[in-house]
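A short write-up of the structure that comes next.
The values are calculated or read from the model by the stated rules, or taken from the named source; none is laboratory data. Quantities reported herein were computed from a predicted structural model and do not represent experimental measurements. Backbone-built Cβ (ideal geometry, glycine too); neighbour counts: all protein chains shown.
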Amino acid sequence: MEKIRIKKKLSDIEKEKFKLVQELSRKGDLEGVIKGMEELLELDPNHALFRAMLANALDEFGKSDVAEKEFKKSVELEPTSEIISLNLFHCLWGQDKQIEAFDEMKRFMSISDCEDYRSILKEIKEKWVD
């Protein structure tokens with residue numbers, strides 16, 4: 001899978017906060033990650049990486065409904081990001097929103113190929129169709 005790239009240069013404040021959030025993430029401090037990502041989004045509300053990282057932390061923290069909204073915003077900001085699309089798909093699937101998950105898969109596959117989505121479809125076909 002592709003990594004989310006930071007397309008614009010971060011300010012010194014953003015760099016420091018981002019390093020702190022990464023350290024909190026390594027330590028498994030989801031509440032700290034959520035707070036840190038929210039602070040970063042106050043500085044730059046249109047940063048797809050920040051939104052996606054917040055969404056991941058929220059999803060892991062059990063706030064999938066809020067995570068879904070953040071993933072959707074992140075997809076709007078970076079519609080060609082495979083990793084963000086896949087994370088939205090899995091967030092939706094985990095909430096038993098399979099139709100919406102497949103809609104996201106279809107949206108992404110209409111603009112780019114995705115080996116992970118092809119694998120998911122193959123697994124579903126083998127498990128449920130054959």
Please verify whether Met1 is in a helix (DSSP H, G or I), modelled with pLDDT under 95, under 20 Å from Asn87 (Cα atoms) and among the aliphatic types (A, V, I, L, M), treating the condition exactly as stated.
no
Out of Val66, Val33, Val75, I need the residue that is of a type outside the set (D, E, K, R) and under 18 Å from Ile13 (Cα atoms). Which one?
Val33
For segment 38-55, which residues satisfy the criterion of being at pLDDT 95 or above, within 22 Å of Gln95 (Cβ to Cβ) and of a type outside the set (Asp, Glu)?
Arg51, Ala52, Leu54, Ala55
Just wondering, is there one or more residues in segment 4-16 that are part of a helix (DSSP H, G or I) and of a type in the set (Ser, Thr, Tyr)?
no
Among the numbered conditions (1) surrounded by fewer than 20 Cβ atoms within 10 Å (Cβ to Cβ); (2) in contact with a Leu (Cβ under 8 Å, 6 or more places away or on another chain); (3) polar (S, T, N, Q), tell me where Ser119 comes up short.
(2)
Looking only at segment 96-130, which residues are polar (S, T, N, Q), over 23 Å from Leu49 (Cβ atoms) and in contact with a helix residue (DSSP H, G or I) (Cβ under 8 Å, 6 or more places away or on another chain)?
Gln98
Can you tell me which of (1) farther than 22 Å from Tyr117 by Cα; (2) part of a helix (DSSP H, G or I); (3) in contact with an Asp or Glu (Cβ under 9 Å, 6 or more places away or on another chain) is the one Leu20 doesn't meet?
(3)
Could you list all residues from segment 55-74 that are within 8 Å of the chain's Cα centre (by Cα) and of a type in the set (A, V, I, L, M, F, W, C)?
Ala55, Phe71
Looking at segment 23-37, which of the residues that are modelled with pLDDT of 95 or more and part of a loop (DSSP other than H, G, I, E, B) is nearest to the chain's Cα centre (by Cα)?
Asp29
Quick check on segment 72-113: of everything there that is of a type in the set (Gly, Ala, Ser) and in a loop (DSSP other than H, G, I, E, B), which residue is surrounded by the most Cβ atoms within 10 Å (Cβ to Cβ)?
Ser81
